[in-house]
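See structure below.
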Amino acid sequence: MKTELKFIKKYIDIQQTRFTPPFIFELNIDPGIDQDTTPIPAMLLQPIIENAIEHGIKNKGAEGLITVDIQTTTIKKQECLQIEIGDNGAGLTQNFLKEGHALYILQKRIQTLQKRAGTIASLTHRPGKNGVGTIFTLLLSKTKNLWMP
């Protein structure tokens, strides 16, 4: 997790240089999560954040907001990570999800994980607070070998 979040922070820094004034980015991590030992597969968060920037807050300037909230939850007696990535942008249409290449690939990665016995993996989305923006929720089994056979 620590390495992936370091990558995300650098990506956000680069993206914020494109915008004057820059958008707001908030990262909230449950203090009970050990970032050094909790795995997040590489490049799982970046496509969602990229879409939030390009299709959500691109034209909002300093009013643009992207949030990443990471916490632990229990599903079917299994400890999981719940990662919510939200924006206060225009929101998504159903067609966008069919046309968005990065989200399509991400959904295929999640489907691969879902085929593993005992693994919980899902990616869902819903409108943001008061119908503004979009929130993606990623649920992943909290296991060290998420991508290993």
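The values are calculated or read from the model by the stated rules, or taken from the named source; none is laboratory data. The structure displayed is predicted, hence computed values, not measured ones. Heads up, the Cβs are rebuilt from the backbone with ideal geometry, glycines too, and the neighbour counts pull from every protein chain shown.
Among the conditions (1) part of a loop (DSSP other than H, G, I, E, B); (2) under 21 Å from Lys10 (Cβ atoms); (3) without any contact (Cβ under 8 Å) to a residue 24 or more places away in the chain, Leu44 misses just one, which is (3). Looking across the range 89-112 at every residue that is loosely packed, with under 13 Cβ neighbours inside 10 Å and basic (Lys, Arg), the one that is modelled with the lowest pLDDT is identified as Lys98.
Would you call Thr38 out of contact with any helix residue (DSSP H, G or I) (no Cβ under 6 Å at 6 or more places or on another chain), touching a residue at least 12 places away in the same chain (Cβ under 8 Å), of a type in the set (Ser, Thr, Tyr) and closer than 16 Å to Lys142 by Cβ? Yes. Please tell me if Thr17 is of a type in the set (Ser, Thr, Tyr) and either within 17 Å of the chain's Cα centre (by Cα) or surrounded by 15 or more Cβ atoms within 10 Å (Cβ to Cβ) (or both). In short, no.
Might you check whether a residue that is outside any strand (DSSP E or B) and not polar (S, T, N, Q) occurs anywhere in the range 66-74? No: the range 66-74 contains no residue that is outside any strand (DSSP E or B) and not polar (S, T, N, Q). Among the residues of the range 123-149, those identified as of a type in the set (S, T, N, Q), buried (at least 16 other Cβ atoms within 10 Å of the Cβ) and either modelled with pLDDT under 90 or over 15 Å from Val68 (Cα atoms) (or both) are Ser141, Thr143. Residues of the range 71-95 that are under 14 Å from the mean Cα position of the chain (by Cα) and farther than 22 Å from Lys108 by Cα: Gln71, Asp87. Is it the case that the range 23-34 has a residue that's of a type in the set (Phe, Trp, Tyr), part of a strand (DSSP E or B) and within 24 Å of Asn130 (Cβ to Cβ)? Yes: one or more hits.
If you go through the range 20-38 and keep only what is closer than 29 Å to Gly64 by Cα and surrounded by 10 or more Cβ atoms within 10 Å (Cβ to Cβ), you end up with Pro21, Pro22, Phe23, Ile24, Phe25, Glu26, Leu27, Asn28, Ile29, Asp30, Ile33, Gln35. Examine the range 67-86 for a residue that is in contact with a helix residue (DSSP H, G or I) (Cβ under 8 Å, 6 or more places away or on another chain), more than 16 Å from Thr137 (Cβ to Cβ) and surrounded by fewer than 18 Cβ atoms within 10 Å (Cβ to Cβ), and state whether such a residue exists. The answer is no, given that none of the residues of the range 67-86 is in contact with a helix residue (DSSP H, G or I) (Cβ under 8 Å, 6 or more places away or on another chain), more than 16 Å from Thr137 (Cβ to Cβ) and surrounded by fewer than 18 Cβ atoms within 10 Å (Cβ to Cβ).
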